[in-house]
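Data block below; observations after.
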Amino acid sequence: MDFTSLIRTIPDYPKAGIQFRDITTLLKNANGFHAAINALAERYRGQGISKIVGIEARGFIFGAPLAYALQLGFVPIRKQGKLPGAAMGHDYDLEYGSDRIEIHHDAISKGEKVLIVDDLLATGGTAHAAVTLVQKMGGEVVECAFLIDLPDVGGKKRLEQAGIPVFALCEFEGD
Ligand code: AMP
């Protein structure tokens, strides 16, 4: 399936110069959404993975049905202050300023194999922070999976240089 044709590009959102890759057009397409989850499920079935970690918010949309399809546990990584229980956090730099993501301190056990899921890989800052959190807990990140990679922005290179394999269902040129 050609996933790129199901993803809408909105120029200058949320600010001038950004080409926003809008996955809602894929989500509302029954065959497209189903095919995306199936493609990921086929790739990760039988790999010894025990948890899918989804990054707020769009990583939940793909991570949760993938966990269900593979009969695995699902763990949310959330923005600061959203998790109700004791959490571990990691700060990371954005283009302007910084951000913090958090995970429940008991979400992952030592030695567990984990797949991290988000909708889109740009600079890799968010995914790298998620990898750091999972590794701090003793989890092993098998791969980071995305619907979309923007290879020109460099996130894939960054994660691979950190020893983390990356997979995406489709790519868009440019940023
Ligand atoms: P990054 O940390 O730079 O890899 O950014 C990844 C996060 O920002 C993902 O969770 C995406 O949802 C969002 N994002 C970054 N760039 C775009 C874009 N061009 N279109 C849609 N979402 C984006």
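Read-outs throughout are calculated quantities, based only on the coordinates presented, and are distinct from any laboratory measurement. Predicted model only: the values in this text are computed from it and were never measured. Cβ placement follows ideal geometry from the backbone for every residue including glycine, while neighbour counts extend to all protein chains displayed.
Worth a mention:
- Between Leu121 and Ile148, Asp149, Leu150, the built amide H atoms are under 5 Å apart, and every one of these is 5 or more places off in sequence or on another chain.
- Computed over the stretch 12-94, the convex hull of the alpha-carbon atoms projects to a mean area of 7.6 nm².
- The chain: Cα Rg divided by the 2.2 N^0.38 Å rule of thumb: 0.99
- Each of His105, His90 was scored by other Cβ atoms within 10 Å of its Cβ. Listed from fewest to most, they are His105, His90.
- For the stretch 98-160, the alpha carbon convex hull comes to 81 Å³ per residue, rounded to a whole number.
- Within the chain, helix-based [θ] at 222 nm, where runs of 4 or more DSSP H residues each add -39,500 (n - 2.57), nearest 500: -8500 deg cm²/dmol
- Neighbour-count ranking [beta-carbon atoms within 10 angstrom, fewest first] of Thr126, Thr4, Thr24: Thr24, Thr4, Thr126
- Taking each residue as 0.36 nm, the span from Lys28 to Ala64 lengthens on full extension beyond its C-alpha to C-alpha distance by 11.3 nm.
- Whole-Hz ³J(HN,Hα) from phi, Karplus 6.51 cos²θ - 1.76 cosθ + 1.60, for the stretch 60-66, glycine and proline x: 5, 5, 9, x, 5, x, 5
- The trypsin sites (Lys or Arg not before Pro) of the stretch 85-175 that DSSP puts in a loop, and whose beta carbon has at most 15 other beta carbons within 10 Å, are Lys110.
- Remark: Asp119, Asp12, Asp99 ranked as Asp12, Asp99, Asp119, counting other beta-carbon atoms within 10 Å and listing the fewest first.
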